[in-house]
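Undergrad: Let me give you the structure first, and then I'll get to my questions.
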Amino acid sequence: MPLHHDLGDNPSPNDFKIAIQLLISANHILHYHGLVDAFGHVSIRHPENPKLYIIAAYDPGAPALVSSCSDFIEYFVGNSEPAYPPQPKGYSERFIHGEIYQQFPSVQCVVHSHSEAVIPFTIAGQTVKPVFHMAGFLGANGPATFKYPEWDHLPKDMLIRSPELGQRLAATFCTAQHDEPGHSVVLQHKHGFTCIGDGIQQAVYRAIYTQKNCLLLKDAMNMAGGDGSKVDYLTPDEAEGCAKIIGMTQDKSFRLWLREVEVDRLYRNMEGIPDALPVGGIAEGT
Ligand SMILES: [Zn+2]
């Protein structure tokens, strides 16, 4: 069993078990919504040891096929080496995850996607900015874009498969004024995007609504004759207000997404679905 802790013997089995249950389902949800195919991945920081993170192994690897705790590997945040070797082969791009967890202690979940709705915006010179209330988390100026460095010693495969590339991608989440991530999403030129969250619900929400925003923006640009400058984006105040208030309702969408993959026979979650998740919602008078 690649996971070091048996789910039943863990000192706090409920928290750890729920985290693994939700991580399996998050893999399925991201596939159901077209964020990942055979490629792309989601990880969590270990709920009991912040110096570790957990991500699926290369086999079965495809997020839709992940089904049990035995499909995951625990890695050190510091170097993305397996915490409990020997382990089966891992994702080559796990350095995206390790270096983000290393650089930002507040991050608890990372999603990496090759979304076909998002990639065109990374190569067409069109900035992604929020066009509806569900995407305020993008910030009024939109995500930063990571460009693969033109270093002679690097292979030209665009993959983030070394610590130095992971560090460079992670640094793209920073704004000039802060060490903490100023961006929740970073686009990757000719590749896709990566987003972060304070937990699985937030990171999955951001992934899905980054993609939806790009689909809406594409439609709006088409109606505007292809001219992105004619599109009416969220103002800075609107983006901030929407991010704050809509963020309180992420639990609602996540419960729907959990059920969607639970009843779809492609997906198997052998660890089960949590009985009840905390209910959020917009506080009255907010
Ligand atoms: Zn990738």
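The values are calculated or read from the model by the stated rules, or taken from the named source; none is laboratory data. From a predicted model like this one, the values you see are computed outputs, not experimental measurements. In this analysis, Cβ positions are derived from the backbone assuming ideal geometry, glycine residues included, and neighbour counts consider all displayed protein chains. What goes into the accessible areas is simple: the full protein's heavy atoms, side chains included, and nothing from ligands, DNA or RNA. Shrake-Rupley method; radii C 1.70, N 1.55, O 1.52, S 1.80 Å.
Undergrad: Which shape class, rounded, prolate or oblate, goes with region 223-286 when its Cα gyration tensor gives a ≥ b ≥ c as root eigenvalues, a/c under 1.5 marks rounded, and past that a/b bigger than b/c marks prolate? Don't skip to the answer; put the middle values down first.
TA: On the way: a/c = 4.73, a/b = 1.58, b/c = 2.99.
Oblate, since a/c reaches 1.5 and b/c is not below a/b.
Undergrad: With springs only between Cα atoms under 10 Å, which of His41, His33, His153 fluctuates most in a Gaussian network model of the chain?
TA: So, out of His41, His33, His153, the one fluctuating most is His153.
Undergrad: So, one more: Using a basic spin-label model with each label point 7 Å from the Cα along Cα→Cβ, how many nm lie between Asp37 and Glu240?
TA: 4.1 nm
Undergrad: Amide H to amide H, which residues 5 or more places from Ala57 or on other chains are under 5 Å from it, using H placed in the peptide plane?
TA: Correct list: Phe72, Ile73.
Undergrad: Quick one: Cα centre-to-centre distance for region 185-207 and region 222-286, in angstrom?
TA: Each part reduced to its Cα centre gives a spacing of 13 Å.
Undergrad: Over the Cα atoms of region 13-262, Rg to Rh with Kirkwood Rh, two decimal places? Display every interim value, and only then the final one.
TA: Working: Rg = 17.5 Å, Rh = 18.3 Å.
For region 13-262, the value is 0.95.
Undergrad: Another one. Would you mind checking the tilt of helix 250-262 against the longest principal axis of the Cα atoms of the chain, expressed as 0 to 90 degrees and rounded to 10?
TA: Helix 250-262 sits at roughly 60 degrees to that axis.
Undergrad: Now for a separate question. Give the angle, between 0 and 90 degrees and rounded to the nearest 10, that separates the Cα long axis of helix 200-223 from the longest principal axis of the Cα atoms of the chain.
TA: It works out to around 30 degrees.
Undergrad: Carbon and sulfur: what percent of the chain's accessible surface (1.4 Å probe)? Don't skip to the end; give the middle numbers.
TA: Working: 6920 of 13430 Å².
Within the chain, the accessible surface is 52 percent carbon and sulfur.
Undergrad: So with the 1.4 Å probe, I'd like the accessible area per residue for the chain, rounded to whole Å².
TA: Accessible surface, normalised per residue, equals 47 Å².
Undergrad: Okay, next question. Kindly identify region 37-151 as rounded, prolate or oblate by the Cα gyration tensor criterion: order the square roots of the eigenvalues as a ≥ b ≥ c, call it rounded if a/c is under 1.5, otherwise compare a/b with b/c, prolate if a/b is larger, else oblate.
TA: On the way: a/c = 1.92, a/b = 1.71, b/c = 1.12.
Because a/c hits 1.5 or more and a/b exceeds b/c, region 37-151 counts as prolate.
Undergrad: Then there's this: Could you pull out which residues in region 251-265 have an amide N less than 14 Å from a spot 7 Å beyond the Cα of Ile273, following the Cα-Cβ vector?
TA: Hits in region 251-265 for Ile273 at 14 Å: 252-265.
Undergrad: With everything on Cα atoms, drop me the angle between helix 236-246 and the longest principal axis of the chain, reported from 0 to 90° to the nearest 10.
TA: The two axes meet at around 40 degrees.
Undergrad: Pull out the extension gain between Thr127 and Glu48, defined as 0.36 nm times the separation in residues minus the alpha carbon to alpha carbon distance; nm, one decimal. Kindly include the intermediate steps, with their values, before the conclusion.
TA: Values: separation 79, 0.36 × 79 = 28.44 nm, distance 3.86 nm.
Computed gain between Thr127 and Glu48 is 24.6 nm.
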